[in-house]
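Here's the structure, in structure tokens; my notes come after.
The values are calculated or read from the model by the stated rules, or taken from the named source; none is laboratory data. Predicted, not measured: the structure shown is a model, and the values here were computed from it. When we count neighbours, we look across all protein chains shown, and the Cβ atoms used for this are built from the backbone with ideal geometry, even at glycine.
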Amino acid sequence: MSRRRKPAKKTAAAHRAAPRSSAARPAPGLRPQPVAFKKAPRPPQPHEGRYVYCVIESRSPLAFGKSSIGGVSEDVYTVHDGALAAVVSRTPVFIFDPTRDNALAHEHVIESVMKNYTVIPMSFGTVFRSDDDVHEVLKSIHAPLKHVLGQMEGKLEFGLKVTWDRDRIIEELKLEHDEIRRFHQELTRKHLQSTYFARMQLGRMVDTALAELAAGYVREIHDVLRALSVACRDTKLIGDKMIMNAAFLVHKQREAQFDAAVGRLAHKFRDRLNFKFTGPWPPYNFVNIRLKLEEGKAG
């Protein structure tokens, strides 16, 4: 089992994957620093906008180093409405392509901010025209944002993907599953393997057995991890080898317990299942807020 997290480290319960290459690490200097003075405003640039990464609670202006979103190095700073702050950088106003570089730039800023603050992550490509527009949006949904930040305080998201060798499991079913074994032996004796209907019937039996087996594994894993998490959410399976793709919201105080529980499950099922455990992440799967400026709110 491997777990991807920042910073990478090892525990007895779970083995973390190797740290990212230097190209994928957060740029140095992204540790938040209180801004003690105000810079003179920069003259507006043609088609200049504001890229919004996340929302946090802070009354003091903050700086978070540089971001390279859109291939341009720009300061990351905060725009405020009372105790709420949006973390932004200047950017041209256009639709961002979700390239690897842009996705990493977006992710790195959010991950840097969450080291010291509870964050509401914004969807990739959230762009406004100006600081005033960002302020207007914060003001218009101030109460809901405050509520969500309160709900997410002290909580982290972890991801768990579970896969198996489907072909190997099928061969085991032909030997161990009574009904499938008997049917397969009968086909072999009668030389019916090549007939369409015989293969279809065997295929349906195997698919049903696979689904039941996978559901049993997933149910047991969920039962153990739900007890240590605030919430969980299943997401789309990718490919025919994946049987579980889930996100868990966990209190920081229970991170070590959750980590250890995943490690025990990975060890228990080591001969059948592969576990990929990642995090901690911002609560991407538990917060879905899309900022939008209403027409006429700002000129």
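For Asn102, which of the numbered conditions (1) modelled with pLDDT under 95; (2) over 25 Å from the mean Cα position of the chain (by Cα) fails to hold?
It is condition (2) that Asn102 fails.
Checking the conditions here, which among Tyr53, Tyr77 is under 12 Å from Phe124 (Cα atoms), of a type outside the set (A, V, I, L, M, F, W, C), touching a strand residue (DSSP E or B) at 6+ places or on another chain (Cβ under 6 Å) and surrounded by 14 or more Cβ atoms within 10 Å (Cβ to Cβ)?
Numbers: Tyr77 fails: under 12 Å from Phe124 (Cα atoms).
When all the criteria are applied, what remains is Tyr53.
Could you grab me the full set of residues in region 110-131 that are aromatic (Phe, Trp, Tyr), buried (at least 17 other Cβ atoms within 10 Å of the Cβ) and closer than 25 Å to Leu249 by Cβ?
Filtering region 110-131 down to residues aromatic (Phe, Trp, Tyr) leaves 117, 124, 128.
When the remaining residues are screened for being buried (at least 17 other Cβ atoms within 10 Å of the Cβ), the result is 117, 128.
Tyr117 - this is the single residue of region 110-131 that is aromatic (Phe, Trp, Tyr), buried (at least 17 other Cβ atoms within 10 Å of the Cβ) and closer than 25 Å to Leu249 by Cβ.
Taking the condition of being crowded, with 20+ Cβ neighbours inside 10 Å, out of contact with any Asp or Glu (no Cβ under 6 Å at 6 or more places or on another chain) and hydroxyl-bearing (Ser, Thr, Tyr), how many residues in region 80-109 meet it?
1
Does any residue of region 135-156 turn out to be touching a helix residue (DSSP H, G or I) at 6+ places or on another chain (Cβ under 9 Å), more than 30 Å from Gly216 (Cβ to Cβ), in a strand (DSSP E or B) and among the hydrophobic types (A, V, I, L, M, F, W, C)? Steps first, please.
Just the residues of region 135-156 that are touching a helix residue (DSSP H, G or I) at 6+ places or on another chain (Cβ under 9 Å), to begin with: 138, 145, 154-156.
If we keep only those that are more than 30 Å from Gly216 (Cβ to Cβ) as well, we get 138, 145, 154.
From the residues that got through so far, the ones that are in a strand (DSSP E or B) too are none.
No: region 135-156 contains no residue that is touching a helix residue (DSSP H, G or I) at 6+ places or on another chain (Cβ under 9 Å), more than 30 Å from Gly216 (Cβ to Cβ), in a strand (DSSP E or B) and among the hydrophobic types (A, V, I, L, M, F, W, C).
Filter region 110-127 down to residues that are in a loop (DSSP other than H, G, I, E, B) and under 13 Å from the mean Cα position of the chain (by Cα) and give me whichever is farthest from Leu138 (Cα to Cα).
First pass over region 110-127, keeping only residues in a loop (DSSP other than H, G, I, E, B): 114-119, 122-126.
Imposing the further condition that a residue be under 13 Å from the mean Cα position of the chain (by Cα) reduces the set to 122-124.
Values: Met122: 13, Ser123: 15, Phe124: 18 Å.
Taking the candidates together, the pick is Phe124.
Whether any residue in region 222-230 is exposed (fewer than 11 other Cβ atoms within 10 Å of the Cβ), at pLDDT 90 or above and closer than 27 Å to Tyr53 by Cβ is what I want to check.
No, region 222-230 has no match at all.
In region 238-272, which residues are surrounded by fewer than 18 Cβ atoms within 10 Å (Cβ to Cβ) and in contact with a Gly (Cβ under 7 Å, 6 or more places away or on another chain)?
His251, Lys252
If the Cβ limit is 6 Å and pairs must be 6+ apart or interchain, which residue in region 151-170 that is in contact (Cβ under 8 Å) with a residue 12 or more places away in the chain and under 16 Å from Gly279 (Cα atoms) pairs with which residue that is buried (at least 20 other Cβ atoms within 10 Å of the Cβ) and of a type in the set (S, T, N, Q)?
Pairs that qualify, where the first residue is in contact (Cβ under 8 Å) with a residue 12 or more places away in the chain and under 16 Å from Gly279 (Cα atoms) and the partner is buried (at least 20 other Cβ atoms within 10 Å of the Cβ) and of a type in the set (S, T, N, Q), are Met152/Thr118.
From the residues in region 226-256 that are of a type in the set (D, E, K, R) and not in a strand (DSSP E or B), which one is nearest to Trp164 (Cα to Cα)? Step through it out loud before you land on a result.
The initial filter retains those residues of region 226-256 that are of a type in the set (D, E, K, R), namely 226, 233-234, 236, 240-241, 252, 254-255.
When the remaining residues are screened for being not in a strand (DSSP E or B), the result is 226, 236, 240-241, 252, 254-255.
Details: Arg226: 22, Lys236: 16, Asp240: 9, Lys241: 5, Lys252: 30, Arg254: 28, Glu255: 26 Å.
Taking the candidates together, the pick is Lys241.
Only one residue in Glu176, Glu172 is acidic (Asp, Glu) and modelled with pLDDT under 80, so which one is that? Show your work before the answer.
On the way: Glu172 fails: modelled with pLDDT under 80.
Sole residue among the options that is acidic (Asp, Glu) and modelled with pLDDT under 80: Glu176.
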